[in-house]
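Chemist: Please read through the structure below; I'll follow up with questions.
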């Protein structure tokens, strides 16, 4: 049997190829182009090889913002994932309150990033913000525009407020998918509440949690708008995360070569971490 | 081990049941004697699982009491009732090995590890799971997983009753046979009370000493397979058990005799109802309908040859009558007439048998 060939089919693929080319491939290749060349304007380019890559990888500024980024992402994951699971576990499984809870949970997710940043900026201002005034009223000296620790705490609190809901909704979906028979069998087997969580709920939530962790990792690792609006990366450089730093180099200093090299490195770090995490999580499944 | 008594059990899933239809269980009084094998048979939605969950304590009945021997356990939680239950779909703890899965009910009850080990090995041997004890439970096939569920039901020695809720639904047909005979064998070996829920009559009749037939939230008959076949107490039992089921035909009482479509019918019932009673039916199994020149005329609609016997569908007036005749029997081609064997013809009023 010979296959029928119809070369006209390629025409049907063309729109997708064009779309992907314009929204992903060509911009990415432009970045690759900038990362290996130097330009002084007028579209004149000089070949620089891997110079920018070496410069970025050896720059203490990059190291510092990378470490800040790791610390930020690590902290919010450590808070949001357990908190999200805990909230999902305490949500009702049926009844009229289910929809109320779901809508309340979804609300923060519907607010645009820059609005979240602006909201928290005003909310946390020590002189006029509700939160800032309250904390100072309790006798704690709090000013997120001047104290690095306060700036960090506020940024993390903002992210937890904005994104824990996502983890809650995913975990809740995972929990609801567990058949009743598991809980009934656990009762018959005399399992404790902890054993039910550890042996049934957590393993059954594994897939949705993998997705939740991946999404939260990628999103928080690339976070830009919210801290930019809230703290502008300050005080000093204390909340300058990778993407804020990248924009400063590319658009503030107009160092296109190093900025291009840095975005490629940034891109590969995200890709690598996702791949490592996903492989680790899925390794058991395949056995 | 204990005798289990259900007293006036009624259950509704609604908070304030009013009508009869609000109740999933209408009125159940039953006694399950220690050490017997019971099958709970009935169509989907008749309340079998509800009844099982009431015995195991996963549900508290709206009304009535559950007794284990003489003690009232109606409000005792599941964990303290010492019962085992196997569900329709396999439940395994994915992150544990097969061994740990089987050991789970024992370890939760603080049984010494040495004892756990011997028990688990015994159960694994009964179910042919010995070779996969160290495997992760998540990697097993559906029937392997269901064996683990069965194993967790069998592993405890002190249980009052083991209940199976349609446990073989997900199992391949040829393994179904094996596992069912295995269960039967285990029952004989262990002498534990077992209740087996199913909607499959073959399963019920092969497994159990006593079959409890349920219909619309009530127990309509409890009996041995033979009793259910020969003496159905309710028309539902008549047509649910047997293949094809009992013929249930409308009839009237006049002049002190039973008439079916104008023909006099003799039945095994002696307490005949008064003339003109409503809702009277005769029930006759297809096995006991025969061709008889003295009988009443029928028209033959269809003959199905099943290889070991033939099923004849005949019509008299507007009534369809099924009959089973021997494989080699001649089916009369002209003016066929049939009659009912009187000893096997039963009279039903409002669906219940009249003796």
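Chemist: Just need a number here: residues in the stretch B:87-98 that are surrounded by fewer than 19 Cβ atoms within 10 Å (Cβ to Cβ) and more than 9 Å from every other protein chain (Cβ to nearest Cβ).
Modeler: Adding up the residues that qualify gives 1.
Chemist: How many residues are within 14 Å of another protein chain (Cβ to nearest Cβ) and either surrounded by 19 or more Cβ atoms within 10 Å (Cβ to Cβ) or assigned to a helix (DSSP H, G or I) (or both) when one looks only at the stretch B:99-118?
Modeler: The qualifying residues number 9.
Chemist: Out of the residues in the stretch B:28-37 meeting the condition of being surrounded by fewer than 19 Cβ atoms within 10 Å (Cβ to Cβ) and part of a strand (DSSP E or B), tell me which one is farthest from the other protein chains (Cβ to nearest Cβ).
Modeler: The selected residue is B:29.
Chemist: With the requirement that a residue be touching a residue at least 60 places away in the same chain (Cβ under 8 Å) and closer than 26 Å to residue B:200 by Cβ, what does the stretch B:51-76 give you?
Modeler: Hits for the stretch B:51-76 are B:51, B:52, B:55, B:56.
The rows are residues; the columns are (1) in a strand (DSSP E or B); (2) away from every other protein chain (no Cβ under 14 Å).
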residue	(1), (2)
B:39	yes, yes
B:54	no, no
B:66	yes, yes
B:79	no, no
B:85	yes, no
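Chemist: May I pose another question? Among the residues in the stretch A:119-134, are any under 20 Å from residue A:219 (Cα atoms) and either in contact (Cβ under 8 Å) with a residue 40 or more places away in the chain or in the same structural domain as residue A:179 (by TED's automatic domain parsing) (or both)?
Modeler: Initial filter on the stretch A:119-134 (under 20 Å from residue A:219 (Cα atoms)): A:119-120.
Then drop every residue that is not either in contact (Cβ under 8 Å) with a residue 40 or more places away in the chain or in the same structural domain as residue A:179 (by TED's automatic domain parsing) (or both), which leaves A:119-120.
So far as the stretch A:119-134 goes, yes, one or more of its residues are under 20 Å from residue A:219 (Cα atoms) and either in contact (Cβ under 8 Å) with a residue 40 or more places away in the chain or in the same structural domain as residue A:179 (by TED's automatic domain parsing) (or both).
Chemist: Among the numbered criteria (1) in contact with a helix residue (DSSP H, G or I) (Cβ under 9 Å, 6 or more places away or on another chain); (2) part of a helix (DSSP H, G or I); (3) without any contact (Cβ under 8 Å) to a residue 40 or more places away in the chain, which single criterion is violated by residue B:150?
Modeler: Evaluating residue B:150 over (1) in contact with a helix residue (DSSP H, G or I) (Cβ under 9 Å, 6 or more places away or on another chain); (2) part of a helix (DSSP H, G or I); (3) without any contact (Cβ under 8 Å) to a residue 40 or more places away in the chain leaves (3) as the failure.
Chemist: Considering every residue within the stretch A:43-64, establish whether at least one is under 30 Å from residue A:202 (Cβ atoms) and within 26 Å of the chain's Cα centre (by Cα).
Modeler: no
Chemist: Next question. When the residues of the stretch A:136-170 are narrowed to those that are under 23 Å from residue A:78 (Cβ atoms) and without any contact (Cβ under 8 Å) to a residue 40 or more places away in the chain, which ends up farthest from the chain's Cα centre (by Cα)?
Modeler: Among them, the one singled out is A:142.
Chemist: Looking only at residues in the stretch B:68-77 that are more than 9 Å from chain A (Cβ to nearest Cβ) and on the phi < 0 side of the Ramachandran plot, which one is nearest to the chain's Cα centre (by Cα)?
Modeler: Only one residue fits best here, namely B:68.
Chemist: Test residue A:211 against the criterion of being assigned by TED's automatic domain parsing to the domain that holds residue A:77, under 27 Å from residue A:276 (Cα atoms) and assigned to a helix (DSSP H, G or I), and give yes or no.
Modeler: yes
Chemist: Go through B:222, B:237, B:197 for me and flag whichever is assigned to a strand (DSSP E or B) and surrounded by 22 or more Cβ atoms within 10 Å (Cβ to Cβ).
Modeler: From the options B:222, B:237, B:197, the qualifying one is B:197.
Chemist: Determine whether residue A:205 is within 14 Å of chain B (Cβ to nearest Cβ) and either more than 30 Å from residue A:55 (Cα to Cα) or within 18 Å of the chain's Cα centre (by Cα) (or both).
Modeler: The answer is yes for residue A:205.
Chemist: Looking at residue A:197 and the list (1) more than 13 Å from every other protein chain (Cβ to nearest Cβ); (2) closer than 25 Å to residue A:101 by Cα; (3) surrounded by fewer than 18 Cβ atoms within 10 Å (Cβ to Cβ), which single condition is not satisfied?
Modeler: Here residue A:197 meets the rest and fails (1).
Chemist: Here's something else I'd like to know. Name the residue that is surrounded by the fewest Cβ atoms within 10 Å (Cβ to Cβ), counting only residues in the stretch B:41-65 that are farther than 17 Å from residue A:184 by Cβ and in contact with a helix residue (DSSP H, G or I) (Cβ under 8 Å, 6 or more places away or on another chain).
Modeler: Here the residue is B:43.
The values are calculated or read from the model by the stated rules, or taken from the named source; none is laboratory data. Being a predicted model, the structure only gives us computed values, none of them experimental. With ideal geometry, Cβ positions are generated from the backbone for all residues, glycine too; neighbour counts draw on all protein chains shown.
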